[in-house]
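Enquirer: Quick one: structure below, then a few questions.
What follows is calculated from the coordinates using simple rules that are stated; it is not laboratory data. Quantities reported herein were computed from a predicted structural model and do not represent experimental measurements.
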Amino acid sequence: MRKIKILKKYRLLRNLSLRELSAKLELLGITLFHSDIYEIERQNKSIKDFEIKAICLALNISFDDLYSNTNNMFQ
């Protein structure tokens with residue numbers, strides 16, 4: 001499972017819509033519209049390191065959670 005799919009997995013596990021996650025990120029000072037998050041989840045938009053950090057905070061997950069199972073991408 002790739003990191004983007006994991007992002008969607010954790011968003012859904014937290015019962016957050018795209019708009020709700022966008023609102024949580026806004027409270028952290030990060031502007032990512034719900035359409036941006038959708039494109040990130042579909043792998044059509046790249047994501048910056050500080051956005052990843054904010055997403056982890058908003059979803060209450062760690063970098064390790066977000067990047068779990070990515071080692072197999074490099075084999």
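Enquirer: Quick check: the angle from helix 18-27's long axis to the longest principal axis of the chain, C-alpha only, nearest 10 degrees?
Expert: For 18-27 against the chain, the angle is about 70 degrees.
Enquirer: Follow-up question, since we're still on this one. When the gyration tensor of the chain is built from Cα positions, what are the square roots of 5 times its three eigenvalues, in whole Å, from largest to smallest?
Expert: Values: eigenvalues 77, 32, 28 Å².
Sorted largest first and rounded, they come to 20, 13, 12 Å.
Enquirer: Once phi is turned into ³J(HN,Hα) by the Karplus curve 6.51 cos²θ - 1.76 cosθ + 1.60 with θ = phi - 60°, what whole-Hz value does each residue of the range 49-57 show in order, with x for glycine and proline?
Expert: 4, 5, 6, 4, 4, 5, 4, 4, 5
Enquirer: For the range 11-17, just list the computed ³J(HN,Hα) in residue order, Karplus coefficients 6.51, -1.76 and 1.60, θ = phi - 60°, integers in Hz, with x standing in for Gly and Pro.
Expert: Along the range 11-17, the couplings run 4, 5, 4, 8, 6, 10, 7 Hz.
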